[in-house]
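Participant: Dumping the structure here so I can ask a few things about it.
What follows is calculated from the coordinates using simple rules that are stated; it is not laboratory data. Since this is a predicted model, take the numbers as computed values, not measurements. Backbone-built Cβ (ideal geometry, glycine too); neighbour counts: all protein chains shown.
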Amino acid sequence: MKSREEYRTAIENAFRRRDFMTAIQIAAEALQHYPDDPELTQLRERAQEKLEAEPFLQSFMASGISLFNSGLYEDALHQFEKVAAIDPDYPELQEWLERARAERQRQIAAEETIPLASTPSAESPTAEKVRELIEKGKTLYAEGRYHDAIQVWTDVFMYDLSNQEAQELIQQAQQKIATLKEEIETHLQQARDAIRAHRPEEARKSLETILQLDPNHAEARQLLASLEPAAAASAAPQVEDEIQSTEAPEKLITQALRAHREARWSEAVRLWQKVLSQDPDNVGAHTKYSEALRQLRIDNQFHKLLENARMFWVQGKRDSALHALQKAYRLRPDHDQIHTLLAEWQISVEELEQFLPPTGAETEAPPAPVTARARRLRWIIGGVLVLAIGGAVYTFYFHRASSAPQPPPKPPSRQSIFGPDVRVPTRPARRTAPAPVNSSTPAAQPAAEQPPAQPAETTEPRPTLTAEQAAARDRLIAEARTLYAQGELDAAYAKLEEALRIDPESSTARQLAAEINAAIQEREQRIQQRIRVAEDYYRSHDFDGAIALLNMLREEFPQRTDILEMLKRSYYNAALLYLRSLRCNTAQERLDVIFLLDPDETRFRDLYPIIRQCLRDRGLDPETRQSLFARSFLPLRETP
């Protein structure tokens, strides 16, 4: 095993070669042996940032060199300064900066000798290109093509890194996208609720509104198709005959069926388990449980494959990424995340279907189906083997027993001592649950060889609640119902926990707690979906976009401390990004918001001295700027 210093040296050598992918791989290997090393972790994060920034740096350098060769030295200098703001150690950057500055100085000196009347007042070619891109983005924005507009406005920074108008327009489009997502999610939830309440017309209106906002929304199209008369009739959560039960309440079975038909497999598995715990002989519930469990495993496998696909793509392993995505596509071909990745990677479905896995990739062939005839043949062969072995064992022990000396006669039984006419009082046998089919428990001994009967176990009767306890329980349940109706799910669940501490057997409190817990889990899923969108903004270093989305989340859930923590980290990262490009006022504005959100916050103040130096000196010395680029952005979520 390599030492820590050997790993660090190998990573630094990869940095010098600008082979950031190798640096990431070496750092990942080193962290397997030294998992808690902060320097190795920082080196890996730095390599990841540089790998993501490399395409932009190459584009800026190529544009700067082209402008320089065209005699547009000022515009070329802007491009080279963009590269310096992101990576001041970029190869040949300093040489091009010096050449551009020298040519620009000569150009200024030559212009000063020309009379003012002869100087043209036309706009420079770069300014014309910036104006053209901004107007094109505005046209796309007006058509509702917000993502395309952002892409066009991002191109502005190839010509003007500090263009304030483009930055404001991008933020406006990002907020519009976030608002649109919120509006779609609201209508989608209304449609789901309407479908569960069997109000198809109301659901149809909500879904049609969604499709007007986003014609390609996969779930809305799927739900709208399910509202056809035949499909709607079959989708109604009616209890089938084979699932009806006298042991489990019908409401519980209806909830399980609803979760099953809405493909909420985790919830369905939990509810079917609850049904089977109350009615273990319900064959229909067993069938539904097995199906939900199988679908849950497929879902877990699907999401794991998507994770692998994204990881391989970031690492530059295109074939492995497409192989993982292809396997996920075969599990869930209509899933919207599949088509989102295909659009992001600019790959068509046809290309994905025709993609050949890389050599050595695992290919899982489905097991050959077992026919009924094969099963019968297995049973016959197994039975013959069992009879043959049993006969051999019996013959061996029979001959051995016949040749062995006979044991002395057993003492008379208890019944013969008392005589045939005297009845011996016996304790009634305790009923036990039947053993499972595959149980390895030995068979019961004959009655004459059984050990003496043990005293029967006494079960203490359930203590009767006092009038005060019953009243307190009912009051807590009523308060929980009120809070639940007001949307205060956590407070309602806490009330039910108090009620169950008073009366653990209260079926009303248990059922209501299960229903509220399901609502809490559903709410958490919605929150996590929106946080994942914020993480997408984070990965592209668009911290202002993450801030806009997290602010909306916090308005809806002001008590969530995890959302507040992510918001503070995003503001800090935005301040660091602006400080790297010497936009000191904007950096201070972003950092100040953290302490407005949380006046008791004691972290995140380390950038203030650098901001004050930047404002005082109207810039930063090379050493301080180098230290800023050595810092890594904070992860959006706290690492455990």
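Participant: Which whole-Hz ³J(HN,Hα) couplings does region 31-39 yield from phi under the Karplus relation 6.51 cos²θ - 1.76 cosθ + 1.60, θ = phi - 60°, glycine and proline marked x?
Facilitator: Listing the rounded values in order: 5, 5, 8, 10, x, 9, 7, x, 5 Hz.
Participant: Would you please report the Å³ per residue occupied by the convex hull of the alpha carbon atoms in region 467-523?
Facilitator: For region 467-523, the hull spanned by Cα atoms encloses 60 Å³ per residue.
Participant: Turning to a different aspect of this structure: Taking region 126-215, how much of its Cα-Cα pair set, in percent, is spaced more than 19 angstrom apart?
Facilitator: Looking at region 126-215, the distances longer than 19 Å represent 50 percent of pairs.
Participant: Let me check I've understood the local charge: for GLN172, count other residues with C-beta under 12 angstrom from its C-beta, Lys and Arg +1, Asp and Glu -1. What total comes out?
Facilitator: Here the charged neighbours net out to -1.
Participant: Continuing with this model, one more query. Roughly speaking, what % of Cα-Cα pairs in region 266-354 are separated by over 20 Å, rounded to a whole number? Don't jump to the answer; show the numbers that get you there.
Facilitator: Details: 1794 of 3916 pairs.
I get 46 percent for the Cα pairs in region 266-354 exceeding 20 Å.
Participant: Over 27 Å between Cα atoms: which of LYS82/LYS136; LYS288/LYS495; LYS138/LYS568; LYS251/LYS304; LYS176/LYS205; LYS2/LYS82 fall into that group?
Facilitator: Correct reply: LYS288/LYS495; LYS138/LYS568; LYS251/LYS304; LYS2/LYS82.
Participant: In what sequence do ARG46, ARG17, ARG332 fall when counting other Cβ within 10 Å, fewest first? All intermediate terms of the calculation are to be shown ahead of the outcome.
Facilitator: Values: ARG46 21, ARG17 10, ARG332 17.
Neighbour counts put them in this order, fewest first: ARG17, ARG332, ARG46.
Participant: Another question, if that's okay. Kindly identify region 504-634 as rounded, prolate or oblate by the Cα gyration tensor criterion: order the square roots of the eigenvalues as a ≥ b ≥ c, call it rounded if a/c is under 1.5, otherwise compare a/b with b/c, prolate if a/b is larger, else oblate.
Facilitator: Prolate, because a/c is 1.5 or more and a/b exceeds b/c.
Participant: Please identify every one of the GluC sites (Glu not before Pro) in region 65-101 that sits in a loop by DSSP and has no more than 14 other beta carbons within 10 Å of its own beta carbon.
Facilitator: Loop-located and lightly packed - GLU92.
Participant: I've got another one for you. When Lys and Arg each count +1 and Asp and Glu each count -1, what net charge do the other residues less than 12 Å away from ILE610, Cβ to Cβ, add up to?
Facilitator: Taking every other residue near ILE610 into account, the sum is +2.
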